[in-house]
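The values are calculated or read from the model by the stated rules, or taken from the named source; none is laboratory data. Keep in mind it's a predicted model, so treat the numbers as computed, not measured. Note: ideal-geometry Cβ built from the backbone for every residue, glycine included; neighbour counts use all protein chains shown. Ligands, DNA and RNA are excluded from the accessible area calculation, which covers all protein heavy atoms including side chains. Shrake-Rupley method; radii C 1.70, N 1.55, O 1.52, S 1.80 Å.
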Amino acid sequence: MTTDVMTRPAVLILLGPPGAGKGTQARMLEESFGLVQLSTGDLLRAAVAAGTEAGKAAKSVMESGGLVSDEIVIAILRDRLAEPDCAKGVILDGFPRTAVQAEALDALLSETGQKINAAISLEVDDDAMVTRVAGRYTCAGCGEGYHDTFKQPQKAGTCDKCGSTEMKRRADDNAETVASRLAAYHEQTAPLITYYGDKGVLQKIDAMGQIDEVANGLAAIVKTAAP
Ligand code: ADP
Ligand code: ADP
Ligand code: ZN
């Protein structure tokens, strides 16, 4: 292995439909590998909350379960990738979601001589996704994700990580929106599985198992792809 490869920050992509566990797993990888999670969903929700121009344009699209324009999402991701902490290596959670975004990412990475170490597809059944999304909630203090059935905090209503008792649910986590989001995934994002397969960086993982089982499988992939 050359020095260049060893010092180049890792770039990992998590692909998967809404509720596949991308956010949950990205946070765990952040803790165990010191990587930085970049969630375009989180960045867009922050832009909506801050009332920026991008946030104003994104709000109604997100509420309807469609995809925000490539232009807006690519600009947000480009700015975030340029921040110094990304030198630790990044896990892209929810980006790219279209072919245009995938090509823009390739162009951005080539500017800095970086490469994608692995694009990992979290493979799940659509039926399970509705249950996962409907039961999802998040700590308002630290962003830790929970689920009504599958991941409850040790003490009901209190975050295990930060002790906050304020939990929040996403406005778009309802049955109608999930159907649109799943359709958008199949139409626009699933083709990226072939895109990354052709580049030789695709890895698939069964994400129907328990959170810890999926995490163990992912850790093994990351150790090999981004040593
Ligand atoms: P995504 O970021 O892909 O939309 P999340 O990581 O937010 O998905 O997970 C969606 C919901 O499902 C959350 O409530 C999370 O706690 C729960 N969850 C995540 N992974 C699993 C799993 N392997 N089994 C059961 N529930 C899970
Ligand atoms: P999930 O994976 O659980 O559906 P995210 O938090 O990743 O949710 O995304 C929430 C919403 O934000 C999406 O339904 C979409 O409207 C918008 N969004 C997030 N990332 C992108 C992206 N890369 N391209 C276009 N829209 C995006
Ligand atoms: Zn918390």
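Which order do the peptides 189-202, 113-126, 151-164, 92-105 come out in when sorted by mean C-beta neighbours inside 10 angstrom, highest first?
Result, highest mean first: 92-105, 113-126, 189-202, 151-164.
Which far-off residues, 5 or more places away or on another chain, put their amide H under 5 Å from the one on HIS147, with H placed in the peptide plane?
Long-range HN contacts for HIS147: TYR137, GLN152.
Could you please report the charge total around GLY34, scoring K, R as +1 and D, E as -1 over all other residues with beta-carbon less than 12 angstrom from its beta-carbon? List each step's numbers first, then the result.
Values: positive: LYS88; negative: GLU30, GLU31, ASP85.
With Lys, Arg at +1 and Asp, Glu at -1, the net is -2.
Give me the percent of the accessible area of segment 103-227 that comes from carbon and sulfur atoms, probe 1.4 Å, all protein chains in place. Can you show the working numbers first?
On the way: 3320 of 6870 Å².
Within segment 103-227, the accessible surface is 48 percent carbon and sulfur.
Given a 1.4 angstrom probe, I'd like the percentage of the accessible area of segment 1-74 that is carbon and sulfur, rounded to a whole number.
Carbon and sulfur atoms account for 57 percent of the accessible area of segment 1-74.
Could you tell me what percent of the DSSP beta bridges with both partners in segment 86-227 are antiparallel, to the nearest 5?
Here the share of antiparallel DSSP bridges comes out near 60 percent.
Over the Cα atoms of the chain, how large are the radius of gyration and the largest Cα-Cα distance (Dmax), in Å?
Expressed in Å, the Cα Rg and Dmax of the chain come to 17.0, 50.
Given LYS22/LYS155; LYS22/LYS168; LYS22/LYS151; LYS88/LYS161; LYS115/LYS168; LYS88/LYS204, which pairs have Cα atoms separated by over 26 Å? Walk me through the intermediate numbers first.
Values: LYS22/LYS155 24 Å; LYS22/LYS168 18 Å; LYS22/LYS151 15 Å; LYS88/LYS161 22 Å; LYS115/LYS168 36 Å; LYS88/LYS204 24 Å.
Pairs exceeding 26 Å: LYS115/LYS168.
What value, in deg cm²/dmol to 500, does the helix sum -39500 (n - 2.57) over DSSP H runs of n ≥ 4 give at 222 nm once divided by the residues of the chain?
Values: 10 runs with 108 residues, N = 227.
After summing the helix terms and dividing by residue count, I get -14500 deg cm²/dmol.
Could you list, by residue number, the cysteines of the chain that have no other cysteine's beta carbon within less than 4.7 Å of their beta carbon?
For the chain, the answer is CYS86, because their Cβ atoms have no other cysteine Cβ under 4.7 Å.
From the residues GLY89, ALA54, THR177, which one has its Cα farthest along the dipole of the chain in the positive direction, the dipole being from +1 and -1 charges on Cβ of Lys/Arg and Asp/Glu about the Cα centre?
GLY89
Per the Debye formula with a single identical scatterer at each Cα and no solvent contribution, what log10 I(q)/I(0) holds for segment 118-198 at q = 0.12 Å⁻¹?
Each listed q corresponds, in turn, to -0.47.
Using alpha carbon centroids, what distance separates segment 192-211 and segment 93-111, in Å?
16
How large is ³J(HN,Hα) for each residue in segment 11-19, as worked out from phi by the Karplus curve 6.51 cos²θ - 1.76 cosθ + 1.60 (θ = phi - 60°), to whole Hz, x for Gly and Pro?
Each residue's phi maps through the Karplus curve to give 10, 10, 10, 9, 9, x, x, x, x Hz.
Return the loop-located trypsin sites (Lys or Arg not before Pro) in segment 2-79 (DSSP other than H, G, I, E, B) with at most 15 other Cβ atoms within 10 Å of their own Cβ; answer none if there are none.
Answer by residue number: there is no such site.
Could you calculate, for segment 1-111, the ratio of the Cα radius of gyration to the Kirkwood radius, expressed as Rg to Rh?
So for segment 1-111, dividing Rg by the Kirkwood Rh gives 0.98.
In segment 72-140, if every C-alpha pair distance is counted and binned at 5 Å from zero, what percent goes to each bin?
3, 11, 21, 21, 15, 13, 11, 4, 0
Let me spell out the model: positive unit charges on the Cβ of Lys and Arg, negative unit charges on the Cβ of Asp and Glu, origin at the Cα centre of the chain. What dipole size does that give, in debye rounded to 20?
Result for the chain is approximately 380 debye, rounded to the nearest 20.
For segment 21-134, what is the accessible area per residue in Å², given a 1.4 Å probe and the full set of protein chains?
Heavy-atom SASA per residue in segment 21-134 reads 45 Å².
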